[in-house]
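All of the numbers you see were taken from the coordinates with simple rules; none came from a lab. These figures come from a predicted structure and were not determined experimentally. As a convention, Cβ positions derive from the backbone with ideal geometry for all residues, glycine included, and neighbour counts pool all protein chains shown.
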Amino acid sequence: MTRIDPRNYPESTAQRLTESGIPSLLARIYAARGIEDVEQLEIDLKKLLPFTLLKQAEDMASALADAIATGKKLLIVADYDADGATACAVGMRGLTALGAKVDFIVPNRFEYGYGLTPEIVRLAATMSPDILLTVDNGIASVDGVAEAHRLGMQVLVTDHHLPGDTLPDAECIVNPSQPGCPFPSKNLAGVGVMFYVLMALRAELRTRGAFADKPEPNLGNLLDLVALGTVADVVKLDDNNRILVHQGLQRIRTGRACLGIMALLRIARRPAAQASSYELGFIVGPRLNAAGRLEDMGLGIRCLLTDDANEANEIAAKLDALNLERRSIEADMQDTALATLETFDPAESYSLALFNDEWHQGVIGILASRLKDKFHRPVIAFARAQTGELKGSGRSIPGLHLRDALDLVSKRQPHLILKFGGHAMAAGLSIPEDALDAFRIAFESVVQEMLDSEALVRSIATDGELEAQEFSLGMARELQAQVWGQGFPEPLFEGAFRVQTQRIVGEKHLKLKLTCSAGSFDAIRFFHADTAPDTVHAVYSLSINEYNGSETLQLIVRHW
């Protein structure tokens with residue numbers, strides 16, 4: 001069952017926003033998303049939170065400036081997802097522009113696992129760096145940092161994941177989630193943290209007179225990468241992150257993005273001029289992630305670093321092919337999982353933990369996400385790792401902080417989980433091969449304690465019904481111009497319609513003509529070919545359909 005719930009919003013706040021000149025519909029949409037003042041909607045870079053609030057950012061800037069002055073070699077240790085790849089590219093481009101000697105290494109997820117492990121440290125040592133700089137990882141790498149010190153390397157950690165009970169003994173840690181950090185936004189992605197470190201470094205170099213006889217690098221040139229990593233990592237788009245994403249999208253829309261992003265959009269047949277958060281999260285991000293899921297994220301990072309158009313196009317084509325392969329593998333895995341779950345009754349369980357010996361380790365996260373969407377339960381999918389352990393990737397639903405749930409399982413049964421980490425909505429872990437049944441029981445017990453039964457009922461939050469005058473191209477354009485995403489969701493509306501006509505297009509989409517008191521509207525429900533009843537109570541969004549050079553309003557039906 002799916003419940004449709006109109007969002008609540010403070011009417012006084014909506015009224016205040018309306019009096020500030022915001023259209024009434026947008027005012028109530030913003031009020032329902034926690035906007036209390038028009039200043040929160042500012043998208044100028046000058047409105048970014050200052051790097052001085054980020055704990056140890058200035059200390060790290062000083063250390064990096066010293067490394068540049070003395071010619072020390074930096075080695076970025078990246079992560080194998082889109083956030084890690086973009087953070088690495090931002091670090092490589094930014095540090096190079098600021099005068100550093102820098103290279104990168106990215107662990108192969110199948111050989112080395114996640115983060116700054118002792119194994120990846122020993123591999124990094126073969127490149128003879130003086131300093132290891134982690135991006136999007138490192139906050140849990142106690143053993144890896146110790147190994148780096150044993151081998152004579154310093155370690156600077158930039159990360160955004162939640163820390164464990166013990167912090168690594170790194171020379172410097174910049175992470176808004178670390179204890180004692182006053183940075184108001186705890187939602188920076190790994191790429192955002194690296195961007196902030198570069199801002200601090202540029203300021204430090206400025207005080208040292210580094211730009212007395214040359215222009216300062218424009219770090220704004222990196223914002224397309226920052227936007228991509230921020231959206232692809234599904235972090236909350238709070239006020240600060242929306243500025244970063246908006247500015248990055250502006251660069252992409254005006255053709256000023258790096259050649260790799262432009263090539264990935266082009267091969268997906270998406271016009272850069274119309275790029276939105278959707279393109280970053282569902283078009284570019286998955287193609288970039290495909291490298292880390294199936295092969296080596298080094299390919300994705302090279303796509304973001306190249307300044308050669310031909311190379312960018314060649315790598316984008318390889319990433320597109322890998323993404324098609326990933327989708328095929330995912331479809332097979334999903335079929336296997338659904339066959340296993342044919343007799344599963346969601347009412348009998350609060351969670352799902354599944355394993356199949358044939359499942360691909362790099363795709364289990366996507367499988368968990370698909371099953372979470374279907375059954376509206378926290379899901380952890382396991383695959384066999386090369387080490388003989390089972391590697392799991394989990395996705396959660398609102399109401400359950402997944403990393404905290406795994407932490408509680410680990411505290412109660414210390415030998416059940418070998419290692420884990422992540423966020424509220426996504427996490428990874430490793431367990432012994434023979435521990436799956438025990439883990440299922442322990443995880444289910446913790447989830448039942450932490451999750452209210454009401455949270456198990458799927459709900460769709462809407463922004464209510466539209467007035468007749470709000471069904472307009474102008475309103476669709478207003479909404480399309482905003483930055484929507486995790487924590488700042490795209491507006492959805494609801495209403496009763498009569499189905500005037502319907503037909504299948506593209507073999508799997510339902511094209512409709514819907515009528516209501518406000519008029520008659522074209523509509524489409526993607527990836528649904530089932531026949532609509534004569535009347536529907538629909539949840540939909542406003543969109544613009546472009547055909548033969550003309551634009552018309554179109555409703556995208558999400559549910560009925």
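Overview of results
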{"quantity": "Correct option for Rg and Dmax of the Cα atoms in Å [calculated from the coordinates] among (i) 25.5, 80; (ii) 29.2, 100; (iii) 24.2, 74", "calculated": "(iii)"}
{"quantity": "Relative exposure of Phe211, Phe375, judged by other C-beta atoms within 10 Å (fewest first)", "calculated": "Phe211, Phe375"}
{"quantity": "The stretch 341-458: Cα Rg divided by the 2.2 N^0.38 Å rule of thumb", "calculated": "0.96"}
{"quantity": "Residue among Leu338, Leu492, Asn8 farthest towards the positive dipole end of the chain, charges placed on Cβ", "calculated": "Leu492"}
{"quantity": "Helix-only CD estimate at 222 nm, as mean residue ellipticity for the chain, using -39500 (n - 2.57) per DSSP H run (n ≥ 4)", "calculated": "-12000 deg cm²/dmol"}
{"quantity": "Cα-centred dipole magnitude for the stretch 461-560, charges only on beta-carbon of K, R (+1) and D, E (-1), debye, nearest 20", "calculated": "360"}
{"quantity": "Packing rank of 391-404, 8-21, 92-105, where each peptide gets the mean count of other beta carbons within 10 Å, highest leading", "calculated": "391-404, 92-105, 8-21"}
{"quantity": "Size of electric dipole in the stretch 321-390: Cβ of Lys, Arg +1 and of Asp, Glu -1, about Cα centre, debye, nearest 20", "calculated": "280"}
{"quantity": "Residue-by-residue Karplus 3J(HN,Hα) for the stretch 351-363, coefficients 6.51, -1.76, 1.60, Hz, glycine and proline x", "calculated": "8, 9, 9, 10, 9, 9, 5, 9, 5, 7, 4, x, 10"}
{"quantity": "Listed pairs Lys46/Lys186; Lys101/Lys214; Lys46/Lys236; Lys55/Lys186; Lys186/Lys374 exceeding 22 Å between Cα atoms", "calculated": "Lys186/Lys374"}
{"quantity": "Helix runs (DSSP H) in the chain reaching 18 Å along axis by Cα, Kyte-Doolittle at least -1.0", "calculated": "57-70, 82-97, 190-207, 239-253, 309-340, 436-450"}
{"quantity": "Cα centroid separation, the stretch 180-256 to the stretch 432-486 (Å)", "calculated": "28"}
{"quantity": "Aspartates and glutamates with Cα under 12 Å of Lys511, excluding same-chain neighbours fewer than 8 positions away", "calculated": "Asp522, Asp530"}
{"quantity": "Where only alpha carbons of the stretch 461-560 are counted, the Rg and the Dmax (Å)", "calculated": "13.3, 36"}
{"quantity": "For the chain, size of Cβ-based charge dipole, Lys and Arg +1, Asp and Glu -1, in debye", "calculated": "900"}
{"quantity": "Rel. contact order, % - alpha carbon contacts under 8 angstrom, at least six apart, the stretch 461-560", "calculated": "27"}
{"quantity": "Cα convex hull volume per residue for the stretch 172-331 (Å³)", "calculated": "143"}
{"quantity": "The chain: relative contact order in percent, alpha carbon pairs under 8 Å with at least 6 residues between", "calculated": "12"}
{"quantity": "Order of Lys411, Lys46, Lys236 - criterion: other Cβ atoms within 10 Å of each residue's Cβ, fewest first", "calculated": "Lys46, Lys411, Lys236"}
{"quantity": "Most positive-pole-ward Cα, Ala426, Val284, Ala148, against dipole of the chain from beta carbon charges", "calculated": "Val284"}
{"quantity": "Length-normalised contact order of the stretch 1-93 in % [C-alpha pairs under 8 Å, at least 6 apart]", "calculated": "15"}
{"quantity": "Prolate/oblate/rounded label for the stretch 50-318 (Cα gyration tensor, a/c 1.5)", "calculated": "rounded"}
{"quantity": "Under 5 Å, built H, 5+ apart or other chain: amide partners of Leu116", "calculated": "Gly138"}
{"quantity": "Kirkwood hydrodynamic radius of the stretch 256-374, from inverse mean 1/r over distinct Cα pairs, in Å", "calculated": "15.8"}
